[in-house]
1. So for region 312-331 (the condition being touching a residue at least 60 places away in the same chain (Cβ under 8 Å), farther than 23 Å from residue 219 by Cβ, open to solvent by 10 Å² or more (accessible area, probe 1.4 Å) and out of contact with any strand residue (DSSP E or B) (no Cβ under 8 Å at 6 or more places or on another chain)), does at least one residue qualify?
2. Does any residue of region 260-274 turn out to be within 30 Å of residue 114 (Cα to Cα), in a helix (DSSP H, G or I) and in contact with a Lys or Arg (Cβ under 7 Å, 6 or more places away or on another chain)?
3. Residues that are touching a helix residue (DSSP H, G or I) at 6+ places or on another chain (Cβ under 9 Å), modelled with pLDDT under 85 and not polar (S, T, N, Q): which helices (runs of 4 or more DSSP H) entirely in region 149-234 hold 2 or more of them?
4. Listed residues 311, 307, 292; which is assigned to a helix (DSSP H, G or I), modelled with pLDDT of 95 or more, closer than 27 Å to residue 74 by Cα and not acidic (Asp, Glu)?
5. Quick one: residue 336 ticks every box in (1) more than 30 Å from residue 95 (Cα to Cα); (2) out of contact with any His (no Cβ under 8 Å at 6 or more places or on another chain) bar one, so which box is it?
6. Taking the stated definitions as given, is residue 66 open to solvent by 60 Å² or more (accessible area, probe 1.4 Å) and modelled with pLDDT under 85?
7. Among what's in region 77-92 and is touching an Asp or Glu at 6+ places or on another chain (Cβ under 9 Å) and either crowded, with 21+ Cβ neighbours inside 10 Å or among the charged types (D, E, K, R) (or both), pick the residue that is modelled with the lowest pLDDT.
8. Select from region 235-259 the residues that are touching a residue at least 60 places away in the same chain (Cβ under 8 Å) and outside any helix (DSSP H, G or I) and write down the one among them that is farthest from residue 308 (Cα to Cα).
Amino acid sequence: MRLSRSTLICLASCLAVGLSACGGNTTADAPSDATPSDTSTQASDTEAASGESASPSASSTPTAAAKPKERDFKTWYLPAQDYETIDILLVQKAEQVALSRCVAEKGIDAAIPPVTYDEAVSKEMMDNAQALAQFTPEHAAAKGYRLSLINDNNREFQQYFTTLAQSGDFEKTAKVLECYSTIHETYPVLNIIGNDVGEPSASEPAPGGGINQDFLAEAQRNMKAVKTPEVAEASAKWRECMAPLGIEDLPETPAQMPPVSKMREWYDLANGDSPLSGEAGESEKQAATHDAQCRLSSGYSEAAYNAYYDASLKDVTENKQKYEDKKARQEARHQELLDFIKKFE
């Protein structure tokens, strides 16, 4: 199963910074730089599934999302994306100012690296996540299976906990981590990636952090979504196309790439390296490029996209008001974060 833009960013942030509340939407799976062969019914898909009666009232949400757009293989559009407004870079900025104050108040000798917030950089992070979700041959050739959300302006903060742990100063590391837990317990606004659509406690941050129930529920739904005859047939063709690489533990579906054997070969797992961090080597890039091309030629990319689009549209249609409420909460949190940063700086 591939992950959507928001989830990829959330997970990457967990690895890079150690976010205590992580979750999001899981939707995307495959590449998208070709045009699907069957587009004759795309315009009617959305009309039939969404319906005019699903539109929320103006009072229920400040910025109600428009009717979902038609499926678009080239951009890998999914209806749930209309409700994704999480700005992870802004969360990191808020974490940085709160953490800096905490270590200062507790007299901990630790200089927390600054975070420079920039909307353009934040958009670039989202675009990078989308590129990995689409998994085009171009992305594979440049980054392999990696999603690197580290940017030069904020590299020190985004790698701070890894650097601190590797310093060998375990006492300081423990104190800073305790501060990090404290700020998330004290200031719920930092837990912006808590529970969302689908749970009775949706309006509350995920207690103690961790992957929220919505993330798990949507992951299960998406796993079921791709269990179609079209995806199964395309997956078999993909495996044939991948045979020349000689991967002993080649998975049944591209959604499970890369396999354990290749993760051990390509990633420095002991030091936190993973598909969501680090730089890809030539071996990984070559295998990933071959993989991306096989997904296209086998028809897997198109079949998987259609399955995910259908599942996303169905979920948004059946839970329209919950998605609207989720978006409204996220937009309110965005302003809360801006106010929080202004107060602490």
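1. Within region 312-331, the first condition is being touching a residue at least 60 places away in the same chain (Cβ under 8 Å), and the residues that meet it are 312-317, 319-331.
This time we only want the ones that are farther than 23 Å from residue 219 by Cβ, so: 328, 331.
From what's left, open to solvent by 10 Å² or more (accessible area, probe 1.4 Å): 328, 331.
Checking which are out of contact with any strand residue (DSSP E or B) (no Cβ under 8 Å at 6 or more places or on another chain) leaves us with 328, 331.
Yes: region 312-331 contains one or more residues that are touching a residue at least 60 places away in the same chain (Cβ under 8 Å), farther than 23 Å from residue 219 by Cβ, open to solvent by 10 Å² or more (accessible area, probe 1.4 Å) and out of contact with any strand residue (DSSP E or B) (no Cβ under 8 Å at 6 or more places or on another chain).
2. Of the residues in region 260-274, the ones within 30 Å of residue 114 (Cα to Cα) are 267-274.
Remaining after also requiring in a helix (DSSP H, G or I): 269-271.
Subsequent filtering for residues that are in contact with a Lys or Arg (Cβ under 7 Å, 6 or more places away or on another chain) retains none.
No, every residue in region 260-274 fails to be within 30 Å of residue 114 (Cα to Cα), in a helix (DSSP H, G or I) and in contact with a Lys or Arg (Cβ under 7 Å, 6 or more places away or on another chain).
3. Working: elements: 155-158, 160-166, 170-186, 213-225.
Output list reads 155-158, 160-166, 213-225.
4. On the way: 311 fails: modelled with pLDDT of 95 or more; 307 fails: modelled with pLDDT of 95 or more.
The unique qualifying residue is 292.
5. For residue 336, the exception is condition (1).
6. Yes; evaluated as a whole, the condition is true for this residue.
7. Ranking the candidates gives 87 first.
8. Looking at residues that are touching a residue at least 60 places away in the same chain (Cβ under 8 Å) and outside any helix (DSSP H, G or I), I get 258.
The values are calculated or read from the model by the stated rules, or taken from the named source; none is laboratory data. Everything numeric here is computed off the predicted structure, so don't read it as measured data. Backbone-built Cβ (ideal geometry, glycine too); neighbour counts: all protein chains shown. To get the accessible areas, we keep the full protein, side chains included, count just its heavy atoms, and leave off ligands, DNA and RNA. Shrake-Rupley method; radii C 1.70, N 1.55, O 1.52, S 1.80 Å.
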